[in-house]
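> A single structure is presented below for examination.
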Amino acid sequence: MIFFYALGVGILLGYALRGRLRRFPSLPFRALWLIPLALLIQLLIFPLFSDRALVTFATPALHILSYAIVFLWLLLNLSVHPLWAVGVGGLLNIVVVLVNRGYMPSSVTALERAGRSFVAAALLTDGTYGNVVLMGGGSRLNVLGDWLFLPPWIPGATAFSIGDLLIMVGLVWLVMKGMRGNG
């Protein structure tokens, strides 16, 4: 959900800079079909509006596979410079997910401050919830985990990582660049 905010900010800034959405196709994307494939995998294992996965086996492996598909797409599109920021953010996320066996460490405090108390409670009770694991002594590279947060008055507020922040910066830049017709 937070990535949609980055797209919205990118569109607003793009228009402020006299850009137009119709220019966005000027970006030279290759193999764009890989992105919906990665998203589909993530939605099957971490549904948006449910805590019950549609695919309940091999969750960590499928999570890592979805990242691998996105990285393949990023490698195929390195000529689009904003994707470098997206790639670095994604790399930070995949590193922490890999060292935590397919899960992102998430701070209970950040989740509570974002108004996601039910997720924080689930982490304290079960240790995992969806694609996150309880951040603490048992998790690794916590500095790269979800410890930043949006305030609860923002719809869809949640905890997020430094990698997510870099991805959002890259998305804003990408939308602005595309709207300006700088393919």
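A short reminder: the numbers here are calculations on the coordinates, not readings from a lab. It should be emphasised that the depicted structure is a prediction, and the values quoted were computed from it without experimental measurement. Using ideal geometry, Cβ is built from the backbone for each residue, glycine included, and neighbour counts are taken over all protein chains shown.
> Select from region 132-157 the residues that are part of a loop (DSSP other than H, G, I, E, B) and closer than 20 Å to residue 3 by Cα and list them in ascending order.
Selection gives 145, 147, 150, 151, 152, 153, 154, 155, 156, 157.
> Look at residue 91 and say whether it is surrounded by fewer than 19 Cβ atoms within 10 Å (Cβ to Cβ), part of a helix (DSSP H, G or I) and touching a residue at least 40 places away in the same chain (Cβ under 8 Å).
Criteria met by residue 91.
> Another question about this same structure. When you scan region 158-183, how many residues do you find that are crowded, with 16+ Cβ neighbours inside 10 Å and assigned to a loop (DSSP other than H, G, I, E, B)?
Summing the residues that are crowded, with 16+ Cβ neighbours inside 10 Å and assigned to a loop (DSSP other than H, G, I, E, B) in region 158-183 gives 3.
> For residues that are hydroxyl-bearing (Ser, Thr, Tyr) and surrounded by fewer than 12 Cβ atoms within 10 Å (Cβ to Cβ), tally how many sit in region 33-61.
2
> Here's something else I'd like to know. Since residue 54 meets every condition but one in (1) without any contact (Cβ under 8 Å) to a residue 40 or more places away in the chain; (2) touching a Pro at 6+ places or on another chain (Cβ under 9 Å); (3) outside any loop (DSSP other than H, G, I, E, B), which condition does it not meet?
The one condition residue 54 does not meet is (3).
> On to the next question. With respect to the numbered conditions (1) surrounded by fewer than 16 Cβ atoms within 10 Å (Cβ to Cβ); (2) assigned to a helix (DSSP H, G or I), which one is the sole condition not fulfilled by residue 30?
Tallying (1) surrounded by fewer than 16 Cβ atoms within 10 Å (Cβ to Cβ); (2) assigned to a helix (DSSP H, G or I), residue 30 fails exactly one: (2).
> Any idea which of (1) more than 30 Å from residue 179 (Cα to Cα); (2) loosely packed, with under 13 Cβ neighbours inside 10 Å is the one residue 64 doesn't satisfy?
(2)
> Now for a different question. Looking only at region 123-151, how many residues end up being over 22 Å from residue 42 (Cβ atoms), in contact with a strand residue (DSSP E or B) (Cβ under 9 Å, 6 or more places away or on another chain) and among the hydrophobic types (A, V, I, L, M, F, W, C)?
So the answer is 1.
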